[in-house]
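K.L.:
Starting off with a structure, shown below.
Nothing in this text is a laboratory measurement; each read-out follows from the coordinates by a stated rule. All values reported here derive from a predicted model rather than from experimental measurement. Positions of Cβ are backbone-derived with ideal geometry, glycine not excepted, and every protein chain shown enters the neighbour counts.
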Amino acid sequence: MFITRRVFTTALSLTRLAVLAGFSPLRLIADAMAQSASDVAKPVSLPEMALGPANASVTIIEYASMTCSHCAAFNANVFPKIKSEYIDTGKVRYVFREFPLDIKAAAGSILARCIAKGDAGKYFAVIDMLFKKLDEWSLPADPLLGFLGLRYPGMSEESVETCLKDQALIDRLSADEEFAHKVLKVNATPTFFINAERIKGAISFEEFDKRIKQLLMK
């Protein structure tokens with residue numbers, strides 16, 4: 001079982017979505033759709049958050065929603081094994097891409113981006129924290145209150161609020177979500193691409209291990 005895609009059109013009304021001067025998410029989507037759907041390795045508009053060498057022979061891309069309990073379980077039980085066995089040893093490049101299924105997931109993704117400021121290691125640490133504390137920050141009606149409860153170092157109420165109103169970041173997140181849905185046919189989380197092979201739903205480490213070893217032998 002996995003979480004099906006819910007309507008996302010209202011999720012990014014977090015700060016009243018509007019097209020910034022000189023920036024159009026629709027243009028980004030149109031440009032992206034000109035690409036081949038199999039070209040999943042290329043990021044659309046947000047900087048890629050990845051661990052492992054760029055030239056690894058196996059690339060795993062995960063599309064996840066920050067409020068997805070199945071994604072949180074995968075992060076806790078499967079990802080650490082993949083990391084120690086394959087990412088840390090330089091055999092696999094692992095890419096995490098946001099596919100928010102609701103407004104709180106969108107807020108979590110935006111916050112993680114703000115905190116990390118392009119640092120992949122820090123980004124994955126924040127993602128790990130958000131998944132582990134999912135029940136704490138996702139329950140309040142106002143995402144701001146939930147995030148403040150985490151007491152993340154350096155994140156005051158003002159800085160969290162400023163982050164959640166970063167229109168450029170919101171627009172890029174929206175554009176990437178639309179690209180994933182329309183072009184790559186992502187409609188649930190977690191969804192994985194292992195060297196462009198799409199896998200819907202969380203699978204065990206044993207399944208990942210089997211597929212990775214097969215690819216490494218080629």
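K.L.:
Taking 1 over the mean of 1/r across every pair of different Cα atoms in region 49-100, what Kirkwood radius in Å do you get?
P.N.:
11.3
K.L.:
Return P(r) of region 81-129 (all Cα-Cα pairs; 10 Å bins starting at 0; whole %; ordered from short to long distances).
P.N.:
Each 10 Å bin holds this share of Cα pairs: 24, 47, 26, 4.
K.L.:
Report, in listed order, any pair from 133/213; 117/213; 83/210; 133/165; 117/210; 83/117 with a Cα-Cα distance greater than 27 Å.
P.N.:
Those over the limit are 133/213; 117/213; 117/210.
K.L.:
Moving to a separate point now. Starting with the fewest neighbours, write out 217, 155 ranked by other beta-carbon atoms found within 10 Å of each beta-carbon.
P.N.:
Listing 217, 155 from fewest to most nearby Cβ atoms yields 217, 155.
K.L.:
Using the alpha carbon gyration tensor of region 64-218, what are the three equivalent-ellipsoid semi-axes (square root of 5 times each eigenvalue), largest first, in whole Å?
P.N.:
28, 17, 14
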